[in-house]
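What follows is a short report on a single structure.
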Amino acid sequence: MAARKVVVVGGGLIGLSIARALAQRGSNDVLVLERGLLASGGTGKSSGIVRAHYGVPSIAKLSWNSVPTMEALGAEIGFRQVGYSVIVGDDNAEALEANIAMQQGIGIEAEMIDVDRLARMWPLMETSDVSAASFEPRGGFADATQLALHFGRVARDHGARIRQNTPVARILTSGDKATGVELTSGEVIEADDVIVASGWWSKQLLGDLGLDFPCDAYRSELLIVDAGQPLPDLPVVSDLVSLQYCRVEGAGQFLVGNSDHDAAENKFVDPDHYSNVASDTTVEKYAGKVMHRFPGFPDPSVTHTYAGVYDVPPDWNPVIQPLAAVQGLTLAAGFAGHGFKMSPAVGDLVADLLLEGDSTDPDIPASDFRLERFAEGRLLTSPHPYVGAGEMR
Ligand SMILES: Cc1cc2nc3c(=O)[nH]c(=O)nc-3n(C[C@H](O)[C@H](O)[C@H](O)COP(=O)(O)OP(=O)(O)OC[C@H]3O[C@@H](n4cnc5c(N)ncnc54)[C@H](O)[C@@H]3O)c2cc1C
């Protein structure tokens, strides 16, 4: 029997992980088309944080199922398993406990810790306004670009092909079936399956077919702060009191990102034309938060700033689905700011959906990730959301 021809549009973490999973499981005609260079979209800007701390069980489980891949690759992807903590004030203490209980219930290694233990782990941290904290020992951070390139290498080793600088102009259909893609060069590539893993740009590719994928491009600004002294291996922190997240970046430097998704500086933007530096207002605001939380830094200074763009559906959760409306067309996009940590398991899930017809993990029901949920008003949201932190957790 002739092999099924699969075209994956997008050479970021998600497209490459899908290509890797399909090729590893015997699909021997997989082609990835990337309009620029591999990992040049959201992937190249990722903070690379690894954690399973989510309020939506299926999202937490996708992240948890990805941890062994991070651990197995270790230094190859710069994985530093420093652990991950969430710290909250009074307003979020109950939600934190409920989320940790849910995570433990599905097998995730995470626990509540008392503030004294947090202070011992994090000697430079101000903890007087922290009411409750959790710790996930297998969390940490890694290099998203290296993980994407790893997926690309494995996919190629198993026979997949990758073409860079190859923009797809449109998806081709015949009746209600996808038949391939047309490149901006005019070249037509036929396929039995077209998988759209094009981040924010997926919206346009689907829109051309009359399919509505509600997804905004959300700009997020990051600061690199020099602490003024070498930093030991400190756990990654999601600080839901000050609404920031922080991790060590190299020797003595510190990466600081925003967890305040209502903040005015976080605007919906054109993802092909946005400022790659943080505004003065952001620098001032973030620096104030850092100095409040880490008064132990002897001589902090901002060394540089940059910005990236999240692909954000209305509930900040992805669509991962062979679409009902067009046979042979699968969408895997809308990972907002959390696609890195779950990318290994997302590739496996798409392979399950295409090769087995369903998810093989009962904690990850495929129905959670349907496109139709937006039109039906049945958003995928956490039962225990955090005050002020939007839908990110
Ligand atoms: C600033 C920032 C920080 C983040 N931090 C974290 C974090 O700490 N932890 C975490 O888990 N996640 C994080 N994320 C999210 C994570 O990085 C993304 O969810 C993930 O990288 C998305 O991968 P992707 O493959 O879906 O999209 P992308 O990496 O954007 O890949 C899509 C690719 O499709 C290509 N493409 C688009 N249109 C076409 C076309 N027509 N033809 C061919 N190719 C096309 C693009 O060029 C792009 O390379 C962060 C993201 C950002 C922006």
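Any read-out appearing in this document is the output of simple, stated calculations on the displayed coordinates, not a laboratory observation. Since the model is a prediction, treat every value here as computed from it, not as a measurement. Reconstructed Cβ throughout: ideal geometry from the backbone, glycine too, with neighbour counts over all protein chains shown.
Out of Asp90, Asp233, Asp311, any idea which swings most in a Gaussian network model of the chain, alpha carbons joined below 10 Å?
Fluctuation is largest for Asp90.
Which percent of Cα-Cα pairs in the range 181-276 sits in each 10 Å bin, short to long?
12, 28, 25, 19, 13, 2
Express the relative contact order of the range 17-111 as a whole percentage, based on alpha carbon pairs under 8 Å and six or more residues apart in sequence.
Worked out over the range 17-111, it gives 23 percent.
Take the Cα gyration tensor of the range 282-330, multiply each eigenvalue by 5, square-root it, and list the three semi-axes largest first, rounded to whole angstrom.
43, 11, 9
Given the options Ala95, Ala23, Ala251, state which has the largest fluctuation in a GNM of the chain using a 10 Å cut-off (strictly under) for Cα springs.
Ala251
Just flag the trypsin sites (Lys or Arg not before Pro) in the range 20-75 sitting in loop per DSSP whose Cβ has no more than 16 other Cβ atoms within 10 Å.
Answer by residue number: Arg25.
Helix-only estimate, please: 222 nm mean residue ellipticity of the chain, summing -39500 (n - 2.57) across DSSP H runs of length 4 or more and dividing by its residues, to the nearest 500.
Estimated from H runs of four or more residues: -8000 deg cm²/dmol.
If the reach is capped at under 16 angstrom between alpha carbons, list the lysines near Lys341, excluding any in the same chain fewer than eight residues apart.
Lys45, Lys61
With r as the distance between the Cβ atoms of Ser301 and Glu190 and R0 = 45 Å, compute the FRET efficiency 1/(1 + (r/R0)^6) and round to 0.05.
The formula returns an efficiency of 0.20 here.
Could you list log10 I(q)/I(0) for the range 113-239 at q = 0.17, 0.21, 0.22 Å⁻¹, which the Debye formula gives when each Cα is one point scatterer?
With one equal scatterer per Cα and no solvent, log10 I(q)/I(0) is -1.03, -1.34, -1.40.
What net charge do the residues around Ser134 carry, taking every other residue with its C-beta under 9 Å from that of Ser134, with Lys and Arg at +1 and Asp and Glu at -1?
With Lys, Arg at +1 and Asp, Glu at -1, the neighbours total -3.
Please give every one of the lysines within straight-line cross-link reach of Lys285, meaning a C-alpha to C-alpha distance under 18 Å, and leave out same-chain neighbours fewer than 8 residues apart.
Reachable lysines: Lys267.
Under 37 °C and 0.692 mPa s, how fast does the range 39-154 diffuse according to Stokes-Einstein, given a Kirkwood radius computed over C-alpha pairs? Answer in µm²/s, whole number.
This corresponds to a translational diffusion coefficient of 216 µm²/s.
Given the options Leu231, Leu331, Leu62, which has the most mean-square fluctuation in a GNM of the chain, springs set between C-alpha atoms less than 10 angstrom apart?
Leu231
Based on the Cβ-Cβ distance of Thr281 and Gln104, what FRET efficiency does E = 1/(1 + (r/R0)^6) give at R0 = 35 Å, to the nearest 0.05?
About 0.30, to the nearest 0.05.
Run through every distinct alpha carbon pair of the chain and return the Kirkwood hydrodynamic radius in angstroms, one decimal place.
Radius from the Kirkwood sum: 21.3 Å.
Mean projection of the alpha-carbon convex hull of the range 257-383 over all orientations, in nm²?
11.1
First measure r as the distance between the Cβ atoms of Ile224 and Ala169, then evaluate 1/(1 + (r/R0)^6) with R0 = 51 Å and state the FRET efficiency to the nearest 0.05.
0.85
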